[in-house]
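The values are calculated or read from the model by the stated rules, or taken from the named source; none is laboratory data. Small disclaimer: the values here were computed from a predicted structure and weren't measured. Glycine also receives a Cβ, built like all others from the backbone with ideal geometry; neighbour counts cover every protein chain displayed. Please note that ligands, DNA and RNA were not included when accessible areas were found on the heavy atoms of the full protein model with its side chains. Shrake-Rupley method; radii C 1.70, N 1.55, O 1.52, S 1.80 Å.
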Amino acid sequence: MTTTVPTGAPGREFGLGMAKQQLSCGVTAWSHPGGTPGFITDNAVTQDGRTSVIVSRTTYPGTREQGQATARLIDNALCGTSPTD
């Protein structure tokens, strides 16, 4: 499940339903986000499985800014930093 290929997005790879992402602190995270009209759930877990985060929002697909804010929230949660905005 951890064999991946580049997606074209910086630091993101995908394979067998799992997305691999390098976070700002150098941590590798795995996720499988999804949604349906009305909501979307993003998530991630560190490679060692010790830390995870789930974010659910009531917009799908939402705006680019909402996606970026969710990505920052996940990065902050798994890297142990405080959000700046």
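For segment 27-85, what are the residues that are in contact (Cβ under 8 Å) with a residue 40 or more places away in the chain and assigned to a loop (DSSP other than H, G, I, E, B)?
Hits for segment 27-85 are Val27, Gly80, Thr81.
Can you spot a residue in segment 7-23 that is of a type in the set (A, V, I, L, M), out of contact with any Lys or Arg (no Cβ under 9 Å at 6 or more places or on another chain), exposed (fewer than 12 other Cβ atoms within 10 Å of the Cβ) and outside any loop (DSSP other than H, G, I, E, B)?
no
When you go through (1) in contact with a Pro (Cβ under 8 Å, 6 or more places away or on another chain); (2) at pLDDT 90 or above one by one for Tyr60, which number turns out not to apply?
(2)
Quick one: in segment 24-39, which of the residues that are at pLDDT 90 or above and among the hydrophobic types (A, V, I, L, M, F, W, C) is surrounded by the fewest Cβ atoms within 10 Å (Cβ to Cβ)?
The extreme case among them is Cys25.
Pairs only if they're at least six apart or on different chains, beta carbon under 6 angstrom, first in segment 1-19 and touching a residue at least 12 places away in the same chain (Cβ under 8 Å), second β-branched (Val, Ile, Thr) and in a loop (DSSP other than H, G, I, E, B); list them, first residue then second.
As it stands, the answer is Gly15/Thr3; Gly15/Thr4, since those pairs meet every condition given.
Looking at segment 24-68, which of the residues that are in contact with a Gly (Cβ under 8 Å, 6 or more places away or on another chain) and not hydroxyl-bearing (Ser, Thr, Tyr) is nearest to Leu78 (Cα to Cα)?
Once the filter is applied, the top-ranked residue is Cys25.
Could you list, in sequence order, all residues of segment 46-69 that are surrounded by 15 or more Cβ atoms within 10 Å (Cβ to Cβ) and more than 17 Å from Thr28 (Cα to Cα)?
Of everything in segment 46-69, those that are surrounded by 15 or more Cβ atoms within 10 Å (Cβ to Cβ) and more than 17 Å from Thr28 (Cα to Cα) turn out to be Val55, Arg57, Gly62, Gly67, Ala69.
Considering segment 70-85 alone, what residues qualify as being open to solvent by less than 60 Å² (accessible area, probe 1.4 Å) and of a type in the set (Val, Ile, Thr)?
Thr70, Ile74, listed by residue number.
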